[in-house]
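Below: the structure, in structure tokens.
The values are calculated or read from the model by the stated rules, or taken from the named source; none is laboratory data. Note that the coordinates shown come from a computational prediction; the quantities given were computed from them, not determined experimentally. Virtual Cβ from ideal backbone geometry, glycine too; neighbours counted across all protein chains shown. For accessibility, only protein heavy atoms count, side chains too; no ligands or nucleic acids. Shrake-Rupley method; radii C 1.70, N 1.55, O 1.52, S 1.80 Å.
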Amino acid sequence: MNQEQSSLVLQSSSNFSPPKGVKLSYGTAGFRADATLLKSTVHRVGILAALRSIQTKSVIGLMITASHNQVSDNGIKIADPNGGMLSQLWEPFADSLANVADPFELVQLISDFVSKEIIPLDNVRSAEILLGRDTRPSGEYLLEAAKQGISSIKGAIYHDMGILTTPQLHWMVRARNMGMNSTEHDYFQQLSHSYRCLVELIPDEKKVSKSNDIVVVDGANGVGGDKLEILRELCGDLSIEVRNSSKGEGVLNKGVGADFVQKEKVVPSGFGRSDVGLRCASFDGDADRLVYFLVQPDSKLIDLVDGDKILSLFAHFIKEQLDALKDNELEKPCDPYHPRLGIVQTAYANGASTAYLKNLGLDVVLTPTGVKYLHEKASEYDIGIYFEANGHGTILFSDTVLSWLEDRNSELSSACTGSEKHKAALRLLAVSKLINQAVGDALSGLLLVEAILLHTGWSIQKWNELYKDLPSRQLKVWQFALFFIVIKVKVVDRTAVVTAKAETVVVQPAGIQEAIDTATAKYRHGRCFIRPSGTEDVIRVYAEAATQEETDSLANSVAKLVDQFLGFGSSQ
């Protein structure tokens, strides 16, 4: 890094001193913390984004959001050239960049990294960054910090795309790097057109009047509700009622949103007795999570239709279309191509959903918790579907399967236009354009769910009855008493428990897995595992059993084991 560039970084970073005593780590959610602690981190991630753009010779995205966290929090994450998350190879550099205290050490760190990665800072090609933020008040001043960080790299430019959902920014980055039109208008047009195509392909015998069929959507008092209102107007006769948009008086993610609904299993604010029997859905604050729910007659509790059920609906529909295309009368004998459909889940998926999917004859695999693992595994299939129970997930289509679908569409349109096989090819092509293949997207996910329910003629009640969830409980067990957190917070917590086999088996500390197995064996259909949180100083205990009473007992038994092995009880 030459003297001029070093001076630019030094001068800019001197205005953004990192908070003392705070150590941040880049994970699936990027950096996330109380917004008042993030100015220097966001500034430095702006630098990182510019370097990443130069190295990859691509447009990079930078999104300021804390998703489902409380409004006082914020965060920053990078969208890589494919619209996905930052390469894991760069995460250690991100950690070092955020936590180095001295501006001169920062310049040296960047210089060393630039040399190691052979990043040309000779202005041969400028960096290009797309910026977005959600509706948090802190987003405005953090955005300014990001802009100054980007501008400290000579030749780097940014485009402020405004207030967006996180998936919109990821979509824009992917589209821009694919040479496609990539404005917000283009996003809305692609989703609405694909939705209308799917609706037009509904079999005639299933086309019934849906004039009174409405989906009521909780926007978490965030950006998703506002964007859905725009999208609704482009989707024809889709009946959507949006509540808890950012235009109201509610607080972002407080008593609302997909995370609240999924964890608490109670109605969000703004829903009640009049909604009993209606199809309801909920976004999180930045609209990358989606869950559905039914309000129970007491108007307080809900029947949750979570990410596992959404995955199952998508898998059922995709498999149906692929099965319709299996008739190979038009395929050449030397080219018996059959796309591989794969389902990717984590250990947090309800066991009943996994059993249902396997009974459909689908290939189901588990990965460690975290979207980066799910997405990577799903990309190994011709069509890969992944969802977490919290409502985050998507469908990935390989270039190979898309080319095959285009060829089949051409063959079938000339040989048997309008046949069910032809429609199946068209439906899959429409799904590939409707679903956001960069990242989980509540807006595109909602439209796909609604289109499939119209196609099947199913009510939300029938959809919810695909399988019955096994009772489950998740408990959070603090690893250390408060006075120990100051000394060992996050560093020790993240390494105290080491897992294997997609995070279902504990290999450290020694002896705890055997104790968990002994406890679990006492319960019918017992299943239990623990894992360290990626964002909080907690150990998560997940348990399943035949009844709610047994499930609660198992979860509490294992929670006590965690306390025993990790010292919480003795510290008290």
Item to complete: Only residues in region 175-199 that are within 28 Å of residue 317 (Cβ to Cβ) count as the first member; pair them with residues that are among the hydrophobic types (A, V, I, L, M, F, W, C) and not in a helix (DSSP H, G or I), Cβ under 6 angstrom, at least 6 apart or cross-chain, and list the lot.
Response: 188/234; 192/234; 192/235; 195/235
Worksheet item: Which condition number does residue 44 fail, the rest of (1) touching a strand residue (DSSP E or B) at 6+ places or on another chain (Cβ under 7 Å); (2) basic (Lys, Arg); (3) under 13 Å from residue 97 (Cα atoms) being met?
Response: (1)
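This table checks each residue for (1) closer than 29 Å to residue 73 by Cβ; (2) out of contact with any Gly (no Cβ under 7 Å at 6 or more places or on another chain); (3) of a type in the set (Val, Ile, Thr).
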{"residue": "191", "(1), (2), (3)": "yes, yes, no"}
{"residue": "233", "(1), (2), (3)": "no, yes, no"}
{"residue": "251", "(1), (2), (3)": "yes, yes, yes"}
{"residue": "255", "(1), (2), (3)": "yes, yes, no"}
{"residue": "283", "(1), (2), (3)": "yes, no, no"}
Discussion item. Here is a list: 33, 79. Which entry is closer than 18 Å to residue 131 by Cβ and among the small types (Gly, Ala, Ser)?
Written reply: 79
Item to complete: Kindly check whether there is at least one residue in region 180-187 that is surrounded by 14 or more Cβ atoms within 10 Å (Cβ to Cβ), at pLDDT 95 or above and of a type in the set (Asp, Glu).
Response: yes
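For (1) over 15 Å from residue 44 (Cα atoms); (2) part of a strand (DSSP E or B); (3) out of contact with any His (no Cβ under 6 Å at 6 or more places or on another chain), each residue gets a yes or a no:
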position	(1), (2), (3)
119	yes, no, yes
131	no, yes, yes
142	no, no, yes
150	no, no, yes
158	no, yes, yes
Discussion item. When the residues of region 272-316 are narrowed to those that are of a type in the set (S, T, N, Q) and touching a residue at least 24 places away in the same chain (Cβ under 8 Å), which ends up nearest to residue 250 (Cα to Cα)?
Written reply: 282
Worksheet item: When residues of region 412-429 are filtered for being open to solvent by 10 Å² or more (accessible area, probe 1.4 Å) and either under 24 Å from the mean Cα position of the chain (by Cα) or free of Cβ contacts under 8 Å to residues at least 12 places away in the same chain (or both), how many remain?
Response: 7
Discussion item. Looking at residue 148 and the list (1) buried (at least 22 other Cβ atoms within 10 Å of the Cβ); (2) closer than 28 Å to residue 287 by Cα, which single condition is not satisfied?
Written reply: (1)
Worksheet entry | Positions within region 165-179 being under 18 Å from residue 229 (Cβ atoms) and open to solvent by 10 Å² or more (accessible area, probe 1.4 Å), in sequence order | none
Worksheet item: When the residues of region 318-338 are filtered to those that are over 29 Å from the mean Cα position of the chain (by Cα) and modelled with pLDDT of 90 or more, which remaining residue is nearest to residue 411 (Cα to Cα)?
Response: 325
Worksheet item: Among (1) in contact with a strand residue (DSSP E or B) (Cβ under 7 Å, 6 or more places away or on another chain); (2) within 21 Å of residue 369 (Cα to Cα); (3) not hydrophobic (A, V, I, L, M, F, W, C), where does residue 25 come up short?
Response: (1)
Worksheet item: Wholly within region 204-322, which strands (runs of 3 or more DSSP E) include no fewer than the required count, namely at least 3 residues that are open to solvent by less than 10 Å² (accessible area, probe 1.4 Å)?
Response: 215-222, 279-283, 290-295
Item to complete: Could you please let me know if residue 194 is in a loop (DSSP other than H, G, I, E, B) and in contact with a Lys or Arg (Cβ under 6 Å, 6 or more places away or on another chain)?
Response: no
Worksheet, complete the sentence: Reported set for region 349-383 where residues are touching a helix residue (DSSP H, G or I) at 6+ places or on another chain (Cβ under 9 Å), assigned to a loop (DSSP other than H, G, I, E, B) and under 18 Å from residue 289 (Cβ atoms) is 349, 350
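Any idea how many residues of region 533-565 are outside any loop (DSSP other than H, G, I, E, B) and open to solvent by 20 Å² or more (accessible area, probe 1.4 Å)?
13
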Fill in: First in region 101-124 and farther than 16 Å from residue 8 by Cα and touching a residue at least 60 places away in the same chain (Cβ under 8 Å), second anywhere and of a type in the set (Lys, Arg) and not in a helix (DSSP H, G or I), Cβ under 9 Å, 6 or more apart
101/20
Discussion item. Given the options 75, 139, 132, 155, name the one that is in contact with a strand residue (DSSP E or B) (Cβ under 9 Å, 6 or more places away or on another chain), without any contact (Cβ under 8 Å) to a residue 60 or more places away in the chain and of a type in the set (Gly, Ala, Ser).
Written reply: 75
Worksheet item: Which one of these is open to solvent by 10 Å² or more (accessible area, probe 1.4 Å) and either in contact with a Phe, Trp or Tyr (Cβ under 6 Å, 6 or more places away or on another chain) or within 23 Å of residue 371 (Cα to Cα) (or both): 55, 108, 88?
Response: 88
Discussion item. Just to be sure I understand, how many residues within region 338-360 are over 26 Å from residue 425 (Cβ atoms) and open to solvent by less than 20 Å² (accessible area, probe 1.4 Å)?
Written reply: 7
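How many residues does region 380-395 contain that are buried (at least 17 other Cβ atoms within 10 Å of the Cβ) and more than 13 Å from the chain's Cα centre (by Cα)?
Counting residues in region 380-395 that are buried (at least 17 other Cβ atoms within 10 Å of the Cβ) and more than 13 Å from the chain's Cα centre (by Cα) gives 4.
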Worksheet item: Just checking, how many residues over region 438-454 are closer than 15 Å to residue 287 by Cα, acidic (Asp, Glu) and assigned to a helix (DSSP H, G or I)?
Response: 0
Worksheet item: What about residue 100, is it crowded, with 18+ Cβ neighbours inside 10 Å, of a type in the set (A, V, I, L, M) and within 26 Å of the chain's Cα centre (by Cα)?
Response: no
Worksheet item: When only residues in region 22-52 that are of a type in the set (Gly, Ala, Ser) and closer than 22 Å to residue 376 by Cβ count, which is most open to solvent (accessible area, probe 1.4 Å)?
Response: 25
